[in-house]
Amino acid sequence: MKQDSMKRLLRGLAATVLLGFAAIAGAAQPAPALPGDSIYQLPLPLTDSNGQTRDWRALRGKPRLVSMFYTSCQYICPLIVESGKAVERQLTPAQQKQLGVALISMDPARDDPAALKKVVEQRKLDAARWTLASPRADDVRAVAGVLGIRYRQLADGEFNHSSALILVDADGRILARTEKIGSQPDPDFVAAVRKAVGG
Amino acid sequence: MRARLAAPLLVLGLVVLPLAGLAAGAVAGRYAGIPGGQFKSVLGYEDAKNGVRVKTFALMRKPVTNAEFLAFLGRHPEWRRDRVAGVFAESRYLSHWAGPDTLGPNALPDRPVVWVSWFAAEAYCKSLDARLPTWNEWEYAAAADETRVDARSDPAWRERILGWYARSSKDALPRVGLQSPNVYGVQDLHGLVWEWTEDASSLMVDGDNRNQGDPDKGKFCGAGALSMNDRENYAVLMRVAMLSSLEGRDATANMGFRCARSAP
């Protein structure tokens, strides 16, 4: 434990020195190192509803609700979108601006940008706050792993999956999660979101 | 793999044959080929009532050892226990090793590596251009005994496996490869350690006996929930319960792994 905190201290010092040099050199400051328990430790290229592919580290910088879904799901997945909206409704407009929502597809074979865009439009999602995106097929298991979401693809292409809304801070650390999906959000979860967006 | 290597061997001719032959042997020797087939899993998949189709694949003959995992850490130090990101491995990851790059008395080189997370196991296999086996592949290979591809209905086979569960988990692990190979040439699928599968997080079964066959449907989206087809096969059911209870960053004293490859 002592050794750990020593190491952390040294790492912190090293980072400070590096930042100092960068400032002297007039270079743009590099993004601070990710915490070890950040979900963004996982390299994850995502292709969003506009067809843009970026690593999900681009989502750093503000707290976010994160979940997994797929667009052709008839039952629970529309409820996941609904849950995100229900949480947003509990916030003031100023707080809403501070919060992002990222829905990651577990069905990249079918969820191309057009399919994702359709959901954005049908559900009238604010593109400034909501990101709907697909990972590469090989990465689905790993992103589900860091989010603690379980799923199985069925013979007919549908999925059997656990549903959760996960709140992460600006650096991708998980602050809270709820399995209560629907239009009546879990009050404890809402309280955690309010705290994360500053009040 | 063997087919892929055969062509260059013919072209290269006799001069380099011994060397190339060694390389081919290293790959072919570490994996056993498993011919595909139709398979009735111990899990009752509602969406696959007539069984699942397993494609031909290759499976490591033995679980990955401490020595092999140590060699991997030499090539990929980001997976050392003092460097790994917490999101990929809990604090007990490789905690039985004497140091981040030292095995020590509790982790002898020829023992299966344990206290490894799913993420670390996956990274190891990827580094060899391989992958973790799927649950169906694992169960399919593990249904065999020394002479039969499916020995599961034999009470003696079941008894033998259950004998292992009676052993104290506090005893030191034996070395890999002590058990006789099954009909495919694969060893230690039962009787040594639990093993990660690629889709461990697809096993959404409540391990609690009272709920077997009646998973909490509210917890999971969609139809096709799992139930237990074969409640007599405790050995395999315990594996399912174990895997369904773990998260990807978890590590336990008895959880190891081996890698698989798809047929070219």
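The values are calculated or read from the model by the stated rules, or taken from the named source; none is laboratory data. All values reported here derive from a predicted model rather than from experimental measurement. Using ideal geometry, Cβ is built from the backbone for each residue, glycine included, and neighbour counts are taken over all protein chains shown. We work out accessible area using only protein heavy atoms, side chains counted, and drop any ligands, DNA or RNA first. Shrake-Rupley method; radii C 1.70, N 1.55, O 1.52, S 1.80 Å.
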Relative contact order (%) - criterion: Cα under 8 Å, at least six apart; region: the range A:111-179 | 16 percent
5 angstrom amide H check on B:GLU195, placed H, neighbours 5+ away = B:GLY256
Which residues of the range B:172-203 end up with at least 40 Å² less accessible area in the presence of all protein chains than when their chain stands alone, using a 1.4 Å probe?
-> B:SER201, B:SER202
Cβ-based charge dipole, the range B:45-93, positive-most Cα from B:LEU73, B:MET60, B:SER91 | B:MET60
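Once you compute Rg and the Kirkwood Rh from C-alpha atoms, what is the Rg to Rh ratio for the range B:42-112? Don't skip to the answer; put the middle values down first.
Values: Rg = 17.6 Å, Rh = 14.9 Å.
Answer for the range B:42-112: 1.18.
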Can you run phi through the Karplus equation (6.51, -1.76, 1.60; θ = phi - 60°) for the range A:110-126 and list ³J(HN,Hα) in whole Hz, with x for Gly and Pro?
-> 9, 8, 7, x, 5, 5, 5, 4, 4, 5, 4, 6, 4, 8, 6, 8, 6
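Report, to the nearest whole %, how much of the accessible area of the range B:84-161 belongs to carbon and sulfur atoms, 1.4 Å probe, protein only.
Numbers: 1640 of 3050 Å².
The value for the range B:84-161 is 54 percent carbon and sulfur by accessible area.
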Span per principal axis, largest first, for the Cα atoms of the range A:46-127 (Å) = 36, 29, 18
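Let me know the charge dipole size of the range A:123-199 about its Cα centre in debye, to the nearest 20, where only the beta-carbon of Lys, Arg (+1) and Asp, Glu (-1) is charged.
Working: 12 positive and 10 negative charges, 30 e Å.
That gives the range A:123-199 a dipole magnitude of about 140 debye.
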Kindly identify the range B:106-167 as rounded, prolate or oblate by the Cα gyration tensor criterion: order the square roots of the eigenvalues as a ≥ b ≥ c, call it rounded if a/c is under 1.5, otherwise compare a/b with b/c, prolate if a/b is larger, else oblate.
-> oblate
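Counting only other chains, what is the mean number of Cβ atoms within 10 angstrom of the Cβ of each residue in peptide B:117-127?
On the way: counts 1, 3, 6, 0, 0, 3, 1, 0, 0, 1, 0.
Whole-number average of other-chain Cβ neighbours for B:117-127 is 1.
In Å², and per residue, what accessible area does the range B:124-190 have when probed at 1.4 Å with the other protein chains present? Walk me through the numbers on the way to the answer.
Working: 3240 Å² over 67 residues.
With the other protein chains kept in place, the range B:124-190 gives 48 Å² per residue.
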Using mean Cβ contacts within 10 Å as the protection proxy, how do B:249-256, A:185-192 order, highest first?
-> B:249-256, A:185-192
B:GLY44 long-range amide H proximity, modeled H, under 5 Å = B:SER227, B:MET228, B:ASN229
When the Karplus curve 6.51 cos²θ - 1.76 cosθ + 1.60 is applied with θ = phi - 60°, which whole-Hz ³J(HN,Hα) does each residue of the range A:148-158 get, with x for Gly and Pro?
-> x, 10, 9, 8, 9, 7, 8, 4, 8, x, 6
Heavy-atom accessible surface buried between B and A, both sides counted, 1.4 angstrom probe, nearest 100 Å², is 2200 Å²
Sequence-distant residues sharing a close amide H with A:VAL101 (under 5 Å, placed H) = A:LEU65, A:TRP130, A:THR131
Put a dot 7 Å past each Cα toward the Cβ at A:ARG89 and A:ALA191; how far apart are the dots in nm?
-> 2.2 nm
